[in-house]
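We did not get these values from a lab; they are worked out from the coordinates using the rules stated. All values derive from a computational prediction rather than experimental measurement. Here the Cβ positions follow ideal geometry from the backbone for every residue, glycine too, while neighbour counts run over all protein chains shown.
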Amino acid sequence: MKVVAFSSQKGGSGKTTLAGHIAVQAERCGAGPVAIVDTDPQGSLTDWWNERQSGEPAFLQARIDTLADDIARARKLGFQLVIVDTPPAITRTIEQVVALTDLVLIPTRPSPHDLRAVGSTIELIESMDKSLVFVVNGAKSRARITGEAAVVLSQHGTVAPVTIHNRTDFASSMIDGRTVMELPNADKSAEEIAQLWGYIDGRLSGNARSTMMSSGFNKLSGSGQRQQSASGEPANQEMRWSRAL
Ligand SMILES: Nc1ncnc2c1ncn2[C@@H]1O[C@H](COP(=O)(O)OP(=O)(O)O)[C@@H](O)[C@H]1O
Ligand SMILES: [Mg+2]
């Protein structure tokens with residue numbers, strides 16, 4: 001089982017958007033079962049999952065102070081991939097999450113503010129000897145700063161060879177718990193996510209080259225359970241799974 005976290009000190013960079021999309025895409029490509037964990041008190045990924053009709057990916061009700069045990073249980077239960085969303089701050093939460101991950105993805109918008117903010121995120125991840133990959137997100141087509149951002153980021157670490165562009169379908173699809181892959185007429189966005197997952201998958205399996213896989217996606221019915229983010233109250237809630245395995 002692999003654990004991937006989306007992290008960056010900057011709010012609005014696309015952590016939650018990409019965490020949800022990559023979780024769904026991995027499941028669609030047969031890399032599941034996939035579980036998501038939301039460690040952001042704002043609970044955006046949780047809200048998205050609660051709106052979702054499909055039971056995949058599964059929602060792992062975890063607590064930040066027992067995260068290591070929760071993730072160990074996910075492994076025992078047969079999950080193949082855990083995707084963790086994190087709050088936009090350098091906090092103890094991030095450290096605890098990063099310590100448990102195989103790969104940290106850092107979505108970064110191609111803007112001077114975002115580029116300036118990546119420093120502290122990188123320091124933390126590197127101090128823990130973890131692999132990180134930048135993902136340029138929210139790029140405007142043909143904007144020169146996109147290429148410039150990739151150059152700046154590449155001086156600090158690996159940049160995913162896929163740029164996620166700014167498209168309203170990324171935002172609109174998540175309103176009712178979906179992703180661009182589940183929308184009609186969002187082919188370009190869906191293709192970017194497919195390529196990004198292909199790259200991540202390659203990194204996780206130790207291949208330099210990405211392995212693109214595709215498989216059908218059957219909608220399962222949701223469990224109907226409302227879920228809370230890992231940092232949400234009540235703190236003593238037991239870990240629950242969205243569906244029986
Ligand atoms: N590639 C994109 N194109 C268009 N809107 C995006 C894109 N990525 C994220 N967004 C939107 O930007 C906002 C912030 O994204 P979000 O994933 O919540 O960031 P974070 O979790 O890092 O704070 C959300 O409204 C989201 O829908
Ligand atoms: Mg978020």
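Of 21, 165, how do they rank once you tally other Cβ atoms within 10 Å and put the fewest first? Spell out each step's value before the answer.
Values: 21 27, 165 16.
So the residues, fewest neighbours to most, are 165, 21.
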From the cross-link list 2/140; 76/188; 15/130; 10/140, which pairs have alpha carbons spaced over 27 Å apart? 2/140; 76/188
Counting other C-beta atoms within 10 Å, which of 15, 10, 140 has the fewest, and how do the rest follow? 140, 10, 15
Least to most buried among 168, 93, 86, 39 (fewest other Cβ within 10 Å first): 168, 93, 39, 86
Per-pair calculated FRET efficiency, R0 = 22 Å: residue 90 and residue 129 via Cβ, rounded to 0.05: 0.80
What are the ³J(HN,Hα) couplings of the range 197-205, residue after residue, when phi is run through the Karplus curve with 6.51, -1.76, 1.60 and θ = phi - 60°? Round to Hz, x for glycine and proline. 4, x, 5, 4, 4, x, 5, 5, 8
Report, by chain and number, residues whose modeled amide H sits under 5 Å from the one on residue 56, excluding near sequence neighbours (fewer than 5 apart, same chain). 220
